[in-house]
Structures are given as C-alpha cells and as structure tokens.
Number of protein chains: 2
Amino acid sequence: MSHPGTLTEHGFDPHFLNKYASLMAGGNGYLGIRASHEEDYTEQVRGMYLAGIYHRATADDINELINLPDIIGMRIELNGEIFSLLAGTIVEYRRELKMKNGELLRDLVWQSPLGGRYHIISRRQMAASPLQLVISQLEITPLDIPCHLQIMTGIDATQTNFGRQHLNETEVRVFEQQYLQGSYRTTDNQQEVVITSYCQLPDNVRSSFSAKNRRLMQHIDVSLESHHTFQMSKISWVASSLDNGYSAETFATDCLNHLKQQVQHGYSTITARSEQCWQTYWQKARVELDSDQPQDQQALDFALYHLAGMTPAHSELCSIAAKGLTGEGYKGHVFWDTEIFLLPFHLLTQPKIARQLLRYRYLHLQQAEEKAHRNGYRGALFPWESAFSGEEETPEFAAINIRTGLRQRVASAIAEHHIVADIAYATVGYYQATHDHDFMRQEGVTLLQKTAEFWLSRATEVNGRWEILNVIGPDEYTEHINNNAYTNYMAHYNVQQALAFMQQYGKIDTAFEIQANDFLHRLYLPEPDDHHVIPQDDSFFSKPTIDLSRYKAHQGSQSILLDYSRAEVNEMQILKQADVIMLLHLLPELFDAQIKAANFAYYEPRTIHDSSLSKAIHAIIASQQQSELAYQLYQQACLIDLGPDPHSSDEGIHAASLGAIWLGALFGFAGLHYQQGELHLNPRLPIQWQQLRFPLNWRGQQLFFTLTQNQIQIDGVWSEPLTIYIAGQAHTITQPSTINRNENNENCYCA
Amino acid sequence: MSHPGTLTEHGFDPHFLNKYASLMAGGNGYLGIRASHEEDYTEQVRGMYLAGIYHRATADDINELINLPDIIGMRIELNGEIFSLLAGTIVEYRRELKMKNGELLRDLVWQSPLGGRYHIISRRQMAASPLQLVISQLEITPLDIPCHLQIMTGIDATQTNFGRQHLNETEVRVFEQQYLQGSYRTTDNQQEVVITSYCQLPDNVRSSFSAKNRRLMQHIDVSLESHHTFQMSKISWVASSLDNGYSAETFATDCLNHLKQQVQHGYSTITARSEQCWQTYWQKARVELDSDQPQDQQALDFALYHLAGMTPAHSELCSIAAKGLTGEGYKGHVFWDTEIFLLPFHLLTQPKIARQLLRYRYLHLQQAEEKAHRNGYRGALFPWESAFSGEEETPEFAAINIRTGLRQRVASAIAEHHIVADIAYATVGYYQATHDHDFMRQEGVTLLQKTAEFWLSRATEVNGRWEILNVIGPDEYTEHINNNAYTNYMAHYNVQQALAFMQQYGKIDTAFEIQANDFLHRLYLPEPDDHHVIPQDDSFFSKPTIDLSRYKAHQGSQSILLDYSRAEVNEMQILKQADVIMLLHLLPELFDAQIKAANFAYYEPRTIHDSSLSKAIHAIIASQQQSELAYQLYQQACLIDLGPDPHSSDEGIHAASLGAIWLGALFGFAGLHYQQGELHLNPRLPIQWQQLRFPLNWRGQQLFFTLTQNQIQIDGVWSEPLTIYIAGQAHTITQPSTINRNENNENCYCA
C-alpha cells in the first residue's frame, strides 16, 4: 500500500480560514480539534470537542457539542510585533495535513512590518493512542536580526458556542511551575472536563503564569540570536467525566499524572506510537486508485481520514455527529447518516465499530420506546436527532422567521420516521457481513423486533390495506405526505427481517407473527407507473414542476428558499435529495434495470441536491447505467467539502457525504452489495480509473480486492471456502484468485 | 468658555487597542460603548453596557455589568479584501474623541493589499438625549479604482463577558425590510434588553438579512465608482426593562416606534440636540486653565468628559461603577469611590446628581441594615461593593492562587467598614453645599442616624475607651488591624454629625443621644506621636520597612505581590494608597500644617501608589506645602489613564482617579473646602498655571471663579449676600467681585 497523500493549503486567505479549519481538523473519535492557526484571526472559529460531551445552555436551547477551552492558540510577539499573517509580508507559506498520520504542518517565512524575516514551523497531532493526548510543536528562527520572542499560550476558557457558555471554571492551577490545569464543569453540574497542559522549553527560558478572565496562561520570554532556532513542544491531556474509571475525587490528579507520564515518553515516542495506529488503520481501510484524475484518490483518502477522526470507536455511549468532531453544525447531533452513510464503511473494515454504533442504538432503546409511547405508537421510535442521552434532540421549532416573527415547527422529530427502518436495515446488514450470532441473538433481534413493532402500530388501515400516512421521507422538501415509497418499502423490509430473525433465533411470539404477516401482505408498496416510475408519495405526481436549473446551479445553498416558502416548495415536484433513488440504492434487488433507469431519469432533474447526502447516491444508481454521468456525479459529490466554495464547510465537514464517497466507490463503481447475505461485486469502473483496490473484512476474514474493468483479484487468507458473486455469478474460492469476466459482463471464469 | 479639546490617536497600534477603546469610550450615564473600531481585531474587546443591567451567570459567579450584544461592528469588504488595518498600508490615520460633544471620529486612507486606496471616515456618538440612542456614520470613497463594497453589520449577541454569557436571545426580527430588532433576557429572566437598529442607505443599494448563531445581520452590497462616496448612517435604540414605563407586553414595539421617530428626525437633528446638552454640561462644569503645560487642560477635560459619561444621572436606582460604563473591571461594581472621589464634583456642578447618588444609598438602606444584622451589628453596614440590588457584591474569595490552589477570603466585605462613614461624610457635604432641607430632613438624617448606629455597635470597649478593632482602612495592604486612624476619625465624625443633624431636625431620641455622646467622648482617636505622625493603626509603627523604590517605579501594577505574599506585605510598613493622608484631605481642619507635613513626609515614601486613588490625594496635601512636588504628583495622577502604559486602562477608565483629577485642581490648587459649612478657597497654583477658572454651584447659586496666584474673581448672579473665605478670611460680597490677596497669603482685601 502506498501512503495516503496530503491535503495542502498553498496560500493564506482569510476567506478560507474556517473551511480549512474544518477540512484539516484533527480527530481520533474521542476528541476533535479544528485546524485553527496558532495566532488568532477575527473570523477564525476555534473549536475543540469531546465525543458525547453535550450540554443545553438554557431550557430554551438544545443540547449541543460543547466547544471546549482552547489549547491551540498562541500569541506570538516578535520584537514587539504581534505575529499575524494579515500584517507584514508572507514570504513563503505552506500548510498541509498529512492524512497518513494526522499531522498538521505549517511552514512559513514571514517578514514583520518592522522588517525582520522569521521562519516559523508548527506541527500538531492528536495522538491515536492514548486518545486524550494532544501534542504540538513550534519552531521559530529569526533570519535577519536577533529577536525578543514572547509567547503566550495555555488554556483559554473564554471559548463559547457562538456566544453560548456551557462550562463553569471550577479550578485553575499551575503545578510545579510547569503543568497548567483547568477544571470545568457543565453549568448543570453533570459533566466535568479537565485539561492539563505542559510546555517543554529550552533550558534557561523564563516563563511566568497568569489566570484571569477564564484564561490560564503561560508567558514565555526568550532572547534569540539571528539564525538560532527556538523550539517548544506543548503536550496536553484532555479528559472528561465520560472516561472509563472516572472518579470525581481523583480525576484532576489522575489527569496530571497521565500527562506527566506522557511528558516522560516525549514527543517522538508519542508520534511514533500514533503513526503505528494510523498505519494499521490504513491497511484495514484504504481504497486505492489508479486514476487519470489524482483528486479521486485524494477525495477517498480525505474521506477515510475523517471517517477515522469522527468515529467514537472507544465508546458505545456515543455515535457519529453530523459534522464529526470538526465543528458545531447540527449541534453535533446524530442522524440516520450514521446507519445508512457511515456504518457500511466500518462494517466492512472494522466491524467492531459497526457493532458499537448499533449498540449505541440498543442502549437507547428505552428512550426510543418512550418516544413511541408518547406519540401513541408501540415499539421503538428512535429520535430523528440524538446526542448523549438518546432523547429526541431535534429542536421543536426552526429558527425564527425574522420577517414574520413566526417559528415553524420542525416536523422531522414527529414525522421523519424512516430512521427506524434505517437502523433495522443496518442491523441486518451487520449480521450479513459478520454472522455475529452473539450480537444478533440479543441486541440485533431486539432492535429488529422493537423497530418492527413500531411500524405495525404506525400503519393505518385504509380501504383494506395498510398505509403509512403523514410522514417525511428522505427528501425534506416534501413534508407530511402519505405512503412515501422509501418509507413504505423500508418499513416492509424492517418487518420482514424482524420476522425472519425472530424465527431464526426462536424468539417469535404468535401475536407478533400474525400481525407482522398481515402487515407484510397488506402494506401498500407503491408500484412503478406505466413509465416505470415509482411515485415518491401519493400526491407527488399531481404537483406542478418548475425549472430548477438556477437552483441546481447553486446546489447545497438552499437558494430556492429565498424565492419560495417551505410550504410552497412542498407543493411542487422539487426534491432536496435522493428519495426513491435512495430506495433503489438500499434495496436494489427489488427493482430491475429498467425501473432504475426510469426513476433516475425522472427524479434527478427534479432534485436540487441541496443535501450533501444526495449526489453520491445518485452516482451509485447512475453507475449501473451510465458510467460517464456516474463519474461526473461522483466527482461533484467529492467536492462537497473539497470544492472551491470558501464557506461550504465552515461549521464542519459533512460526515455522511464523506461516508458516501466510500459508498460511491464501492457500492457504485465496484458494484458491492451484501444486504441479502451474499458478497456481490460487479465492477463498472469509470474509464478514468484503471484499477481500484480495497480491503474488505467479510465475516472475520480480511480480504483484499484489486479490480479492473475485466478482472477481480482477491487476496488474503481464509479458512472456509469463500463464495463471491461477480456480476451475479457465484465463484467459490479457497485461496487468492483472479477472476476474469468476459466482455458482455455476464460470464466469468476463474483463473 | 473655550471648547474642550480632543483626545487624539495619531497612529494605529494593536498594542493600544483596548487602552483607546476605554479612553475614547462614549457614555451618557445610561449607556456606555467602548471605542472599538468598526472592524474586528483579535485582541479588541468590544463592550456595551447599560447602567444597572447586571447579572450573575451562575451561583458561583458574581453579579457583573453585562456586556451587551454589539451594534458597532462592521465587516467591510473592499473588492473582496476584508478591511483590516493590519493588512495593506495605512496611508493616513487619525482618530479623535471630541470631548465637547462626545463624537468619535476616525479618518483614514487605507491601501488594500490588492492595490487600491480607500478613504474611510467613521463617526459615532451616543445621544445625550434621548439616552437610548446611538448614532454612527460611515463614508467610503475609493480613490483609485471602482469598488465592490460589501458591509455586514447588525446586532451581534455572541458578545460575552470574557466567555460568560448572561443573555438568552428571545427574538430576532426584521421589520419592513429595514429595522433590525433583537430581544434578550437575562438567563434568570429578570431583565430584558431590546436593541433596535436601522441603516440609512443610499437609494438603490441592495441589502439582505440573516439571523444565525446569535447574529442578526444586514448584508449591504454596493458598486461604487472611483471617487464616488458611499455614505450610510446607523441609528440604534438600546433599551432595557429598567426604563421608566417599561411594559413587557409592548416593550419591543415601543422600542421600534422610538427608533422610527428618531430616524425621522435624522442624523443632523439628533447630533445638534446632543451637542446642546453637552454645551450646557460644559458650562456648568468645565475647569479651564492657562497653563504652560497643555496636557493639564486635557487631563481635566478628559476627566470631566468621562465624569459625565459614567454617571447614571437619569436614575437613582444606579450609582457609578468603578470603571464607569467603559469596561468590565471590578464587574461594574460601586465602591466608596462614588461618595469620596466622585460625588463632590457633581455636588458643586449639578447638585441634583449628588442627591441622586445619595438616594441610591438611601433606597438600599434595608440591604445595608440586613448586612449589619447578619454581621452582629446595628444600623446600616453598606456593602463594600454593590450593584443593582444593594446587596453585598464583593466576591467572598479572591481568584484562586494558581500555585497553591487556595482561594484567599476577600476581607473587604467583612472589614472595610469605613465606607459607612464615607457615605455619612458625603451626606453632610451635600447638605453643606446645598442646604437642601427637604433631603436632609428625611433621607439625610436617616442616613446619618443609621450609619452612626452602626459605629455605636461596631466599637469595642477596651480599658475604658471605645476602640474599633479588626478593620481594613483605605490602605488595603494592611488588613485586619485595630484602630485605623482614618476609620476612627471618620466614625467619630459620622456620629458627631448624626447627633447634630438629628438634633437640628428634632429627630433625636435620648437613648441614641446618651450612647452617641459616650462614643464621642470615649472613642480612641489616635494622636500624632512626638514626630507629629499619626499612627495608621495600633501596630503599624512596630512593623519593619523595606526599600520600595523598585515597586514605586512600577506603581499601579501591584508588582510587590510577585515578591511577597499578601500576608507578608501586611506585616510591613507598606501602603497601597493614601490612608492617613486621605484623612488629612477629608478632615483638614482637625490637623495643623505641621502635622500634615510630618505625615506626608512619613507616609508618602512608604506608599507604592498601587491604587489609582492615591496620587491625586497626595497632591492635594502636598499642595498645602510644596507646590512643585504637588504639581509633580498631580501630573502623575493625570497619567493613570492618559499615560504611556498600553494596558493600564484595558478594562476601563479609572473612574475615581478621574474624579480625583478634579479634586486635585479644586481641593488642591484652588484650596477649596466646604465640609464645615463655609465656602473656603485658598489658591496655591503651581507656577506653571497662570490662571484657573471654574464654575461652582453653591447653595443653588451658579458662581464662576477665576483664580490667579493673588487674585480671585467671582462672577455670577446671587440674591443673598455671599460669604466666601479666602485663605481663612471671610469676604461677604453681593455682586461679582475680584478679591486680591497680599503676598504673605494671609490678608486679602476686596477690590
């Protein structure tokens, strides 16, 4: 395997500060830190977040991922001039994120307005192990004249979530004239965060300490000769009351001791250990391309870099936030994105993580059952948005309409119910790819049964059939409709799979069986019309259409809402994102090629792609028919974060869309499918790709695939004969093999 | 009267951002706004404060003056370049505060890093009437090339008090596509603040609105030809639930209507009306000098400018914060500063304000009596620090010692009791200068009686005499001592005056009379020793001395606490500030010239002047003996805010020290005194001053004084014969007169 590449920022532009702060953010699933510069800029939003550390500032607010006290900031003064890239001259500048190990490097030469040039290098890394550890290094070399260097850095608890404060500063300390420690509690006193920092300085460097206005700071004062380099490291330990073994009495002391131990290990030992973890990760996960277009490989590396950083693999008490741990968008809440867009990647690379993500849902079944009960249903109605408690976190009302003063009720929590089936779908997928009976016997079957029970109670009998009324499907520009195709098919699948697995594990009861069978036989599943198009819902076809080209040109910005109210959009054939197309992706075996083509042709022109979840899924469906269009859509999907818009990612990367970059390559161009229990591949590489290589963990076996348009090479070691379907045809192999297929893609033979 | 001058900042230096933001702050006693630039800078602390609008963020915090949502900030983009004086080139720069009318003007030419030059002028003013009104103007002229100008401004509620958030955003609105309104409530739901803003724009200028992350913003987009000027005005109405006639139901609408009315008046009408108010103020208050040193006049104008801005003359529910309304230092709390350092100025220029400041204490007698009761005393023990409620606001513990983790108990609330006598002293002074029987009969006598009762209960009988044990005098480097001379003499004065006024108004009761007389006869009043020096307290003379020169060289910085603990400082002859000297200033008639000279000679070398309250009081005592030294001390006192230290005033101007600039001129160099009921003057001008002119309101009569070293001219109109003591000799005049005095300063004659 070659190394994952770097993401490079070639120049400094204040318009792009927050885009790059998100794109180059560091994370290890436990802790995330935005790639802010050491020095402050007025529009730069610093951010450090701990998975699961949410708080509601006031009763009128909602739980949000707390923006923690900052440890990255450094005020650097060079001969009395405050270092800022806005002032003086940038002689050289390069910033890069090394995706192979998560190191963020900035290397620049700055000429002060007072005249001297300075070479400034900074490095930063979040340790892959232990997760609480953050390390950084700063080097400054005056190139022309001696320098009086002053640095102020420490722990800055003036950080807020855009003005909302969640933490009380309970104690600030300096131990042994070198270790800084700030202890913070959420204002509701439920969680504690302790940050401990140490600056490793050259001998004879003076420093002093101050604590004022929520800032615990170390002031470093150095006289440097020209061409001599000052180097310092800052090592921090960021921990919370969610940590294993947390004890309120000893926590601060424990943190201090942990930090001291790491300080003894030293910077290079820590980075070497971290690099080893990253290397293991990439071996298990990296997708490699031979492509004419190098940005395709970069997009995949970028996606997988963030997929590692966003995922709280250390704890089944947390799941994946919509922006990972890179920003405050969507308040750090967890959506269906996790199960549908992100879980498959983990399932096929590190299935233990997929298990944990499902365990997160399982552990919050009680809250889901309570929500169902409150809404008059049975079973489990999982929250549309969740955080740490598993309660529904969707705001009851949208932001105020500043013109009318009215707040529109947010309907997702009360109607976007497909998330229930999405969790069931992921549960089945988990089983199919792992055959993890231990999980399935207990958590899996329970999840399937409770979700199925929800649908049984959710359906309404209309003229002798079961219908599912008043829902929102994946397309959120169409609210409160009846018999959304996606929802109905997915609910059907949910109940069907529950029945099957309950029977398989002997957990069936007759009443459920009777009701489930009745539901499966009489649930209305919208059929394709004469033109092979499946109606998105009962009323969709009756609505007018408008020319969407100008909104599609500004996709992702919801610009249509500047011209039309939500209510007006609701009454037109306008899709925010994949809906029927999403269904075709998840349950492909239910629909033939003609139906897929017809629905793509019908719905794509009506879809603005204002959701980041849309493009890559369209690419997957397109890949089955039109390779060139699929590749175009895929490349556009790769630009959701990496594109030129300076503000697309200000509030964090788009977690689900990064998952979808992986989905697009594997479910799209590799033709991967396994939901029915068999491992399917069907390569349909874009002509720009000569080869596609990826590892897959299939039922405990570590496989490596190398795909070209006409050949599939399977490497790895496995004990039982392995059956793989290539373009629908079964191949059973016992050792590494290469499978060729002939030109009409229908007959293959093993070599 | 000539016009008050300007305070000018000749260049832009980021190190001085917060100093000038305080020095050039605008205020009208109701509202204060720091002189932040329109554009953001990372270290620039914006601030807007409403008198009386305090809040305690959490139970562990203390009440602080809330830093309100910002209306000053403007993000200006010129041909895509974000305007910042750190970038590009500053071709011309001048910022000035016009003290005659409070207008803040910035006039600059900036060359963008992209090349074009822009002439940018901004003006800002807080209306003197109505107090809720803030107006500003922005002019931009591209000098070289056409310009695509983008401005974002509005109401930014991400403001915090160094990370503490006090306000919930309850509603944000845009009315009629032009009026922005944000409504905020303190998180304890006790107070409401509503900010309404309007931008007056040239016709055909497009703008749009957004509300996100606590920012309600107007986005203005203009295409400008070269040499064409874009001008906009922003008019804002900032109001709170403390306003007269507040009604929760109609408040937001009322605010909108008030703003609309002002918008109709227009910018120039508002500024003209405001200027009129300022002119009236300066006529009543301005002190004018003919001096060799122009900075003396500037210091006086600066002091009086801020004395107007800091004083909540509109409401007796508020008093003057230690930093006025210019910053967050001392959390906006009210100290003895008000009665001893600030009230005399108001008393002799606008006595109604002095009355209101005393009414503030009177209205909070209940809280003072409760505090006395809780501490085991009778009468009224006023809080050392107070805010809106009149409760004690002094933090129970000082900031944590970051090395030991211990918090030292703040002793001021439990021992700095002289504030009780200080309030009584100001009450008597108010009567003497006004003969306001209405006030004295009710509020005045009650204040004197309740404060006297406190001292009667506070004293301890020791060996047959009353002593006052375990106090802190004005010198806060000496804590928990017995018989602080200042405290004992002032307590004696308090009881003596209470007795006299209670008798005068027939409000005496026998029990009080007996106890008070006993107290007055047997209270221990420390006598001067053989060297004529009054012991600051019982133990002071027994303590060792150290060389203070290096700490005096860094006075104001409390640098001694870097070398010694507070406990150690307490055990040495080290004064933070005037203590016995303060006593000599307040009760000068009790001590002869020899005693004054001896005490000055003894205590000044032992005083670091780490308090801003110290230097000017020393100048007053010195002026009675050594004119040159007095002038030196006075000039140093004038530099507390205006001096070269870039960070001396970051957290706001030093309100009491500004009052002391006026005290130094009048009580020092003019020899003013009136506490005993007669108006005394005794000019002892420094040789640098040829003439000193000032108005005085004496018992309802508006007098104007013109002083030279040997002549006093009195102008004005008065009905009753007016008796003035010049250098101790009475002169009764019935019309404007000039009084000469002979060279030995003892005999004068009227001309």
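Net charge around residue A:463, counting only other residues with Cβ within less than 14 Å of its Cβ (Lys, Arg = +1; Asp, Glu = -1)?
Local net charge: -1.
Give me the Å³ per residue figure for the convex hull around the C-alpha atoms of the range A:286-677. List each step's numbers first, then the result.
On the way: hull volume 54.8 nm³, N = 392.
So the per-residue Cα hull volume is 140 Å³.
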Quiz prompt | Lys, Arg +1 and Asp, Glu -1 on Cβ, resulting dipole of chain A about Cα centre, debye, nearest 20 | solution = 920
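Using a Förster distance of 35 Å, how high is the FRET efficiency between residue A:601 and residue A:107, based on the Cβ-Cβ distance and rounded to 0.05? Please list the in-between numbers first.
Values: r = 50 Å, r/R0 = 1.43.
According to the calculation, E is roughly 0.10.
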Quiz item: Along the charge dipole of the range B:286-677, which of B:554, B:567, B:542 sits closest to the positive end, that is, farthest toward it, with unit charges on the beta carbon of Lys, Arg, Asp and Glu (+1, +1, -1, -1)?
Solution: B:567
Quiz item: What per residue convex hull volume, in Å³, comes out for the range A:421-523 when only alpha-carbon positions are used?
Solution: 88
Exercise. Take every Cα-Cα distance within the range B:478-559, group them into 5 Å bins from 0 onward, and report for each bin the whole-number percent of pairs it holds.
Key: 3, 12, 16, 15, 14, 12, 9, 7, 5, 4, 2, 0
Quiz item: Near residue A:615, which lysines are there with a Cα under 28 Å away, not counting those fewer than 8 places off in the same chain?
Solution: A:19, A:98, A:100, A:284, A:323, A:331, A:543, A:552, A:576, A:596, B:212
Self-check item: Given charges at Cβ of Lys, Arg, Asp, Glu: the range A:8-282 dipole, positive-most of A:177, A:165, A:15
Solution: A:15
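Ranked from the most accessible area to the least, with a 1.4 Å probe and all protein chains present, what is the order of A:533, B:717, B:91, A:462? Display every interim value, and only then the final one.
Numbers: A:533 10, B:717 125, B:91 70, A:462 40 Å².
The most accessible residue leads, giving B:717, B:91, A:462, A:533.
With a sphere of radius 13 Å drawn around the Cβ of residue A:622, what net charge do the other residues whose Cβ falls strictly inside it have (Lys, Arg +1; Asp, Glu -1)? Kindly include the intermediate steps, with their values, before the conclusion.
On the way: positive: A:596, A:615, A:684; negative: A:604, A:628.
Charge balance in the 13 Å sphere: +1.
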Quiz item: With all protein chains present, how much of the accessible area of chain A (probe radius 1.4 Å) comes from carbon and sulfur, to the nearest whole percent?
Solution: 47
Exercise. Compute the long axis of helix A:510-522 from its Cα atoms, compare it with the longest principal axis of the Cα atoms of chain A, and write down the angle in degrees, 0 to 90, nearest 10.
Key: 80
Quiz item: Roughly how big is the A-B contact, given as buried accessible area in Å² (both sides, 1.4 Å probe, nearest 100)?
Solution: 3600
Self-check item: Residue list for the range B:527-569, given a label point 7 angstrom along the Cα-to-Cβ vector of residue B:469 and an amide N cut-off under 18 Å
Solution: B:537-540
Practice problem: Any chance you could run the full-extension gain for residue B:148 through residue B:733? It's 0.36 nm times the residue separation minus the Cα-Cα distance, nm to one decimal. | Solution: 203.7 nm
Practice problem: Give, as ranges by residue number, the residues of the range A:462-482 whose backbone N falls under 18 Å from the point 7 Å along Cα→Cβ of residue A:538. | Solution: A:462-474, A:478-482
Self-check item: Measure of compaction for the range B:180-286 (Cα Rg per 2.2 N^0.38 Å)
Solution: 1.35
Practice problem: Taking 7 Å along the Cα-to-C-beta vector as the label spot, tell me the residue B:566-residue A:566 distance in nanometres, rounded to one decimal. | Solution: 5.4
Self-check item: Whole-number accessible area per residue in Å² for the range A:123-237, which is evaluated in the context of all protein chains at 1.4 Å
Solution: 36
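Can you give the accessible area per residue of the range B:555-638, in Å², using a 1.4 Å probe? Present the calculation step by step, with values, prior to reporting the outcome.
Working: 2750 Å² over 84 residues.
Per-residue accessible area for the range B:555-638 comes out at 33 Å².
Taking Cα pairs under 8 Å and at least six residues apart, what relative contact order does chain A come out at, in percent?
Working: 1638 pairs, mean separation 83.3, N = 751.
Relative CO of chain A lands at 11 percent.
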Quiz item: How would you order A:287-293, B:191-197, A:2-8 from highest to lowest mean count of nearby Cβ atoms within 10 Å?
Solution: B:191-197, A:287-293, A:2-8
Practice problem: Apply the Karplus parameterisation 6.51 cos²θ - 1.76 cosθ + 1.60, with θ equal to phi minus 60°, to every residue of the range B:16-27 and state each ³J(HN,Hα) to the nearest whole Hz, in sequence, with x for glycine and proline. | Solution: 9, 3, 7, 5, 5, 4, 7, 4, 9, 4, x, x
Self-check item: Lys, Arg +1 and Asp, Glu -1 on Cβ, resulting dipole of the range A:8-282 about Cα centre, debye, nearest 20
Solution: 280
Quiz prompt | Cα pair distances in the range A:1-138, grouped into 5 Å bins until the bin that holds the longest one, percent each | solution = 2, 9, 17, 20, 19, 13, 9, 6, 3, 1, 0
Quiz item: So what is the 222 nm mean residue ellipticity for the protein assembly as shown from helices alone, if each DSSP H run of at least 4 adds -39500 (n - 2.57) and you divide by all residues, rounding to the nearest 500 deg cm²/dmol?
Solution: -9000 deg cm²/dmol
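For peptide A:79-91, compute the average count of partner chain beta-carbon atoms within 10 Å of each residue's beta-carbon. Before the final figure, lay out the partial values.
Working: counts 0, 2, 2, 7, 0, 6, 2, 9, 6, 2, 1, 0, 0.
Other-chain Cβ atoms within 10 Å of each residue's Cβ, averaged: 3.
Shielding of B:157-169 by partners, i.e. mean partner chain Cβ atoms within 10 Å per residue?
On the way: counts 3, 5, 2, 7, 4, 8, 13, 8, 10, 1, 2, 6, 6.
Neighbouring Cβ atoms belonging to other protein chains average 6 per residue here.
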Quiz item: Tell me, how many Å apart are the Cα centres for the range A:386-447 and for the range A:2-40?
Solution: 30
Quiz item: Between the range A:494-564 and the range B:269-310, what's the alpha-carbon centroid distance in Å?
Solution: 74
Quiz item: Where the convex hull is taken over the Cα atoms of chain B, what is its projected area averaged over directions, in nm²?
Solution: 33.6
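Evaluate the range A:490-645: find the radius of gyration of its Cα atoms, find its Kirkwood radius, and give the ratio Rg to Rh.
Working: Rg = 18.6 Å, Rh = 17.6 Å.
Rg/Rh: 1.06.
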Practice problem: Give, as ranges by residue number, the residues of the range B:649-688 whose backbone N falls under 16 Å from the point 7 Å along Cα→Cβ of residue B:557. | Solution: B:649-650
Exercise. In nm, give the distance between the simple-model label positions of residue B:190 and residue A:505, each being 7 Å from the Cα along the Cα-to-Cβ direction.
Key: 5.5
Quiz item: What figure in square angstrom, to the nearest 10, would you give for the accessible area of residue A:362 with a 1.4 Å probe?
Solution: 50
Exercise. Bin width 5 Å, alpha-carbon pairs only: give the P(r) of the range A:8-282 as whole percents, running from 0 to the bin holding the largest distance.
Key: 1, 5, 13, 17, 19, 18, 14, 8, 4, 2, 0, 0
Quiz item: Taking 0.36 nm per residue of separation and subtracting the Cα-Cα distance, what length does fully extending residue B:227 through residue B:129 add?
Solution: 31.7 nm
Practice problem: For the protein assembly as shown, evaluate the Debye formula with one uniform point scatterer on each Cα (no solvent term) and list log10 I(q)/I(0) at q = 0.04, 0.06, 0.07 Å⁻¹, rounded to two decimals. | Solution: -0.32, -0.67, -0.87
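Given C-alpha coordinates of the range A:608-667, what is the ratio Rg to Rh with the Kirkwood estimate of Rh?
Working: Rg = 11.2 Å, Rh = 11.5 Å.
My calculation of the ratio gives 0.98.
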Practice problem: With everything on Cα atoms, drop me the angle between helix B:593-603 and the longest principal axis of chain B, reported from 0 to 90° to the nearest 10. | Solution: 60
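Magnitude of the Cβ-charge dipole of the protein assembly as shown, K/R +1 and D/E -1, about the Cα centre, nearest 20 debye? Please list the in-between numbers first.
Values: 110 positive and 170 negative charges, 1 e Å.
Here the protein assembly as shown has a charge dipole of around 0 debye.
The values are calculated or read from the model by the stated rules, or taken from the named source; none is laboratory data. Please read these numbers as outputs of a predicted model, since none were measured by experiment. Neighbour counts run over all protein chains shown; Cβ positions are idealised from the backbone, glycine included. The protein model used for the area step is the full one, side chains on, heavy atoms only, and it has no ligands, DNA or RNA in it. Shrake-Rupley method; radii C 1.70, N 1.55, O 1.52, S 1.80 Å.
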